[in-house]
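A short worksheet on the structure shown next.
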Amino acid sequence: MQILLANPRGFCAGVNMAIDALEKAVAHFGPNIYVYHEIVHNRYVVDRFTAQGVTFVDSVEDVPEESILLFSAHGVSPEIREASRRRKLHTIDATCPLVTKVHMEAIRYAKRGYHILLIGHEGHDEVIGTMGEAPESITLVETPEEVDALAFSEGAKIAVLTQTTLSVDEAGRVLKRLRERFPQLETPSKDDICYATTNRQEAVGILAQKSDLVLVLGSQNSSNSQRLRELGEECGKPAYLIDGASELQPDWFHGVETVLITAGASAPEVVVQEVIDKLVDEYGASLSEETIRTEQVHFPLPKELRGLEVVQR
């Protein structure tokens, strides 16, 4: 068996920043820290911080007054920020800068009188936060069929934004239909889908052609990881999204000579290596790292954490 290890894979700059931020906050303030939603959508990462004493909450009301609350990489709405102020919480904003970019675009378009069509998945943390910036001015669309159901007057001011973790092809199909229906559609000067999502999808699209099986490391609630699995299937290959080596099934490997392994942008490298080790041990697999693109993006820590000394405990 041969393993094709996709590169780039795993943590993106936004995830790295958010995890580094929580690690530094724990090191400085101690583990009695709260995080609004999961810091990133990955079970391994969340479980590791939970074991240290960090508490993840889905409501600001669950955070004791004057506590430390860290906003996750997916961003939050103004409503959540205001609720945090009312509870006198000390907030740390670990929102990915690429998500913040979409929030700022939503605010600008709304102020200019545009109705915003947001391409994304209902209920995703990022979508909830973005829509909260201008709820009266944003409509969520997920499919070309939903575009067909939209009703706007001729010449209406319409703009489009995109969830950062979508499939490039999926978003492209919706955007194509939007442009067909609304030629006046305004788009941001730079694509909203993040570089890491695009790069990981490109790698799978190329390397799946050489593979018999696609394994994606990531959690089920990770949007970008799900898109990688779907892309593997669209390439005509069996594709599975797993959290780690314990979820591997022997019958997946019958007749398989080449396995593509990749990881979503919130999956740590340790789970990738565990899967590789298991395939090497059980199937005598050889490893070939396949670099499609190189990434050198880095985001600074949230301003609330810059310059803090780590307290030895």
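Scanning the stretch 1-58 for residues that are within 17 Å of the chain's Cα centre (by Cα) and of a type in the set (D, E, K, R) yields R9, D20, E38, R43. Of everything listed in (1) farther than 20 Å from T164 by Cα; (2) in contact with an Asp or Glu (Cβ under 9 Å, 6 or more places away or on another chain); (3) of a type outside the set (D, E, K, R); (4) buried (at least 23 other Cβ atoms within 10 Å of the Cβ), the single unmet condition for P250 is (4).
Quick one: is L207 in the same structural domain as Q273 (by TED's automatic domain parsing) and in contact with a helix residue (DSSP H, G or I) (Cβ under 9 Å, 6 or more places away or on another chain)? No; evaluated as a whole, the condition is false for this residue. State all residues of the stretch 263-308 that are touching a helix residue (DSSP H, G or I) at 6+ places or on another chain (Cβ under 6 Å), of a type in the set (V, I, T) and surrounded by fewer than 17 Cβ atoms within 10 Å (Cβ to Cβ); if no residue qualifies, say none. Passing the criteria: I292, V297. Annotation note: of E122, E133, E126, the sole residue that is within 17 Å of the chain's Cα centre (by Cα), acidic (D, E) and crowded, with 19+ Cβ neighbours inside 10 Å is E126. May I ask you to verify whether E274 is closer than 28 Å to C96 by Cβ and outside the structural domain of T165 (by TED's automatic domain parsing)? For E274, the condition - closer than 28 Å to C96 by Cβ and outside the structural domain of T165 (by TED's automatic domain parsing) - is met.
Considering the conditions (1) in contact with a helix residue (DSSP H, G or I) (Cβ under 6 Å, 6 or more places away or on another chain); (2) crowded, with 16+ Cβ neighbours inside 10 Å; (3) not aliphatic (A, V, I, L, M), R227 is excluded by exactly one of them, (1). One residue stands out in the stretch 166-209 among those that are within 21 Å of V102 (Cα to Cα) and among the β-branched types (V, I, T): the one that is nearest to the chain's Cα centre (by Cα), namely T197.
When the stretch 150-167 is filtered for residues that are at pLDDT 90 or above and not small (G, A, S), the ones remaining, listed by number, are L150, F152, K157, I158, V160, L161, T162, Q163, T164, T165, L166. The requirement of being of a type in the set (D, E, K, R) and either modelled with pLDDT under 95 or crowded, with 18+ Cβ neighbours inside 10 Å (or both) is fulfilled nowhere in the stretch 255-262; no residue meets it.
For the stretch 39-61, state whether one or more residues are over 15 Å from L22 (Cβ atoms), of a type in the set (S, T, Y) and either in the same structural domain as N221 (by TED's automatic domain parsing) or buried (at least 21 other Cβ atoms within 10 Å of the Cβ) (or both).
no
Within the stretch 210-223, the presence of at least one residue that is buried (at least 16 other Cβ atoms within 10 Å of the Cβ), in a helix (DSSP H, G or I) and under 13 Å from the mean Cα position of the chain (by Cα) is confirmed. For the stretch 18-50, a residue qualifies if it is in a helix (DSSP H, G or I) and either basic (K, R) or in contact with a helix residue (DSSP H, G or I) (Cβ under 8 Å, 6 or more places away or on another chain) (or both), and the qualifying residues are I19, L22, K24, V26, R43, Y44, V45, R48, F49. Scanning the stretch 260-288 for residues that are under 30 Å from K24 (Cβ atoms) and in contact with a Leu (Cβ under 7 Å, 6 or more places away or on another chain) gives T262, A263, G264, A267, V271, V272, V275, I276.
The values are calculated or read from the model by the stated rules, or taken from the named source; none is laboratory data. All figures in this text were calculated on a predicted structure; none of them were measured in a lab. Heads up, the Cβs are rebuilt from the backbone with ideal geometry, glycines too, and the neighbour counts pull from every protein chain shown.
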